[in-house]
Amino acid sequence: MKCFNHPNAEAVGVCKGCGKGLCLACAKDSEYGLSCAGKCETELKLMRDVLYSSDKAYGQLSPIYSRYTAVLGMIGGICLIPNIFLLVTGKNMDYASLLFGIVMLVAAVWYYKISSKFKVKNTKK
Ligand SMILES: [Zn+2]
Ligand SMILES: [Zn+2]
């Protein structure tokens, strides 16, 4: 393929924005792929900024979910520990708080999974 602007020059790549062939002199690195000068370069840079900021958003979400995990895990523990004590001492368990504690722990595990997913996404960058 030849360059769109220089019919004699061999293209080294195509613009990610418009698909035109680009020689070494025309190809701009938009940090999101090759692009021709001008409109495409600006557009691709914008696109990269959007992608980058969504990565940052993921990074900010992760600690929030980690906090939920800690809080829910704590509530679950507070509900379950007295029941374990009742079980050990051979008394009747409080099924309402037992059930509540289990639900809280399941929710904590759920949030933990979400937060670790965000973390993986964040370190890949
Ligand atoms: Zn272009
Ligand atoms: Zn060219």
Quiz item: Across the range 17-38, what is the number of residues that are surrounded by fewer than 16 Cβ atoms within 10 Å (Cβ to Cβ), within 15 Å of CYS3 (Cα to Cα), more than 8 Å from ligand 2 (Cβ to nearest atom) and of a type in the set (Gly, Ala, Ser)?
Solution: 2
Quiz item: From the list SER62, SER97, SER115, which one is in contact (Cβ under 8 Å) with a residue 60 or more places away in the chain, more than 30 Å from LYS28 (Cβ to Cβ) and part of a helix (DSSP H, G or I)?
Solution: SER62
Quiz item: Does any residue of the range 75-89 turn out to be loosely packed, with under 14 Cβ neighbours inside 10 Å, among the hydroxyl-bearing types (Ser, Thr, Tyr) and within 30 Å of GLY101 (Cβ to Cβ)?
Solution: yes
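Per-residue answers, yes or no, for (1) modelled with pLDDT of 80 or more; (2) out of contact with any Cys (no Cβ under 6 Å at 6 or more places or on another chain); (3) exposed (fewer than 14 other Cβ atoms within 10 Å of the Cβ):
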position: CYS40; (1), (2), (3): yes, no, no
position: SER54; (1), (2), (3): no, yes, yes
position: ALA57; (1), (2), (3): no, yes, yes
position: GLN60; (1), (2), (3): no, yes, yes
position: TYR65; (1), (2), (3): yes, yes, no
position: ASN92; (1), (2), (3): yes, yes, yes
position: ALA108; (1), (2), (3): yes, yes, no
Quiz item: of a type outside the set (A, V, I, L, M), at negative phi and either outside any helix (DSSP H, G or I) or free of Cβ contacts under 8 Å to residues at least 60 places away in the same chain (or both), is that true of ASP55?
Solution: no
Practice problem: Go through the residues of the range 39-58 one by one and say whether even a single one is in contact with a Gly (Cβ under 8 Å, 6 or more places away or on another chain), more than 16 Å from ligand 2 (Cβ to nearest atom) and acidic (Asp, Glu). | Solution: yes
Quiz item: Is at least one residue of the range 62-78 at positive phi and touching a Lys or Arg at 6+ places or on another chain (Cβ under 8 Å)?
Solution: no
Quiz item: Does any residue of the range 47-57 turn out to be farther than 30 Å from SER116 by Cβ and either away from ligand 1 (no atom under 11 Å from the Cβ) or among the polar types (S, T, N, Q) (or both)?
Solution: no
Practice problem: Those residues that are assigned to a loop (DSSP other than H, G, I, E, B), of a type outside the set (Gly, Ala, Ser) and either away from ligand 1 (no atom under 14 Å from the Cβ) or under 19 Å from ASP49 (Cα atoms) (or both), I need them from the range 19-38; list them, please. | Solution: LEU24, GLU31, TYR32, CYS36
Quiz item: Taking only pairs six or more apart or across chains, which ones have beta-carbon atoms under 6 Å, a first residue in the range 1-19 that is of a type in the set (A, V, I, L, M), and a second residue that is part of a loop (DSSP other than H, G, I, E, B) and more than 9 Å from ligand 2 (Cβ to nearest atom)?
Solution: ALA11/MET1
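Looking at the structure I just gave you, is CYS79 over 17 Å from MET104 (Cα atoms), in a helix (DSSP H, G or I) and out of contact with any Asp or Glu (no Cβ under 8 Å at 6 or more places or on another chain)?
On the way: over 17 Å from MET104 (Cα atoms): no; in a helix (DSSP H, G or I): yes; out of contact with any Asp or Glu (no Cβ under 8 Å at 6 or more places or on another chain): yes.
It is false that CYS79 is over 17 Å from MET104 (Cα atoms), in a helix (DSSP H, G or I) and out of contact with any Asp or Glu (no Cβ under 8 Å at 6 or more places or on another chain).
The values are calculated or read from the model by the stated rules, or taken from the named source; none is laboratory data. All figures in this text were calculated on a predicted structure; none of them were measured in a lab. Counting neighbours? That spans all protein chains shown, and the Cβs are built from the backbone with ideal geometry, glycine included.
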